[in-house]
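Taking it in order: structure first as structure tokens, then the write-up.
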Amino acid sequence: MRHAYVEATGPAMRVPEWRVVQMLRQHERPDRLEAALADVLGPARARYCLDGFARLLALLRQHGWHAPLILPPGAQGVSDDERSLARFVLLAAEQDRDLALAEAATLVTPQAILPLVAAGERMGLPLLCEECRDRLRCPLTFQ
């Protein structure tokens, strides 16, 4: 399987990981974020993704070990916290359960590990759909 990678400072990121970073940076502008996601995912998948994203942020705020360092939109490079969250979402979406649980344990307290994995999966699955469509160059068919 061949994946497209986005150049960032340090190791390159896959398209869904980069989308997570963009979402984290624009989380204070939910209307813009929803419109941007709806353009690439369709409205239903965008809402599904944003529901998972909202749950993920709420769990991080309530149960996180520390507040993640999120850079402003347009910043060069990616913070370690952004990279860690993007990796976690991708692991959860791709059903790499053991690694996702281990990564979640570094992000939140024990009682929030399983809900965080579920939120990451809910957020990441539509982003994987975007990557698959790009790879196959299929038109958006499901609205």
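The values are calculated or read from the model by the stated rules, or taken from the named source; none is laboratory data. All values reported here derive from a predicted model rather than from experimental measurement. So basically every Cβ, Gly included, is an ideal-geometry build from the backbone, and we count neighbours across all protein chains shown.
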> In segment 45-67, how many are more than 14 Å from the chain's Cα centre (by Cα) and of a type outside the set (A, V, I, L, M, F, W, C)?
Replying inline: 5
> Which residue pairs have Cβ atoms closer than 9 Å, lie 6 or more positions apart in sequence or on different chains, and pair a first residue in segment 69-82 that is surrounded by fewer than 10 Cβ atoms within 10 Å (Cβ to Cβ) with a second residue that is of a type in the set (A, V, I, L, M) and assigned to a loop (DSSP other than H, G, I, E, B)?
Replying inline: 76/8
> Under 9 Å by Cβ, and 6 or more places apart or on different chains, what pairs join a residue from segment 100-128 that is on the phi < 0 side of the Ramachandran plot with one that is among the basic types (Lys, Arg) and surrounded by fewer than 16 Cβ atoms within 10 Å (Cβ to Cβ)?
Replying inline: 117/97
> When you go through (1) modelled with pLDDT under 95; (2) in contact with a helix residue (DSSP H, G or I) (Cβ under 6 Å, 6 or more places away or on another chain); (3) crowded, with 16+ Cβ neighbours inside 10 Å one by one for residue 108, which number turns out not to apply?
Replying inline: (1)
>> Among the listed residues 42, 10, identify the single one that is in contact with a Pro (Cβ under 9 Å, 6 or more places away or on another chain) and at pLDDT below 90.
In response: 42
> Given the conditions (1) in contact with a Leu (Cβ under 9 Å, 6 or more places away or on another chain); (2) at pLDDT 95 or above; (3) surrounded by fewer than 17 Cβ atoms within 10 Å (Cβ to Cβ), which single one is not true for residue 26?
Replying inline: (2)
> Any idea how many residues of segment 29-55 are surrounded by fewer than 17 Cβ atoms within 10 Å (Cβ to Cβ) and among the small types (Gly, Ala, Ser)?
Replying inline: 4
> Restricting segment 87-99 to residues that are without any contact (Cβ under 8 Å) to a residue 24 or more places away in the chain and assigned to a helix (DSSP H, G or I), which is surrounded by the fewest Cβ atoms within 10 Å (Cβ to Cβ)?
Replying inline: 98
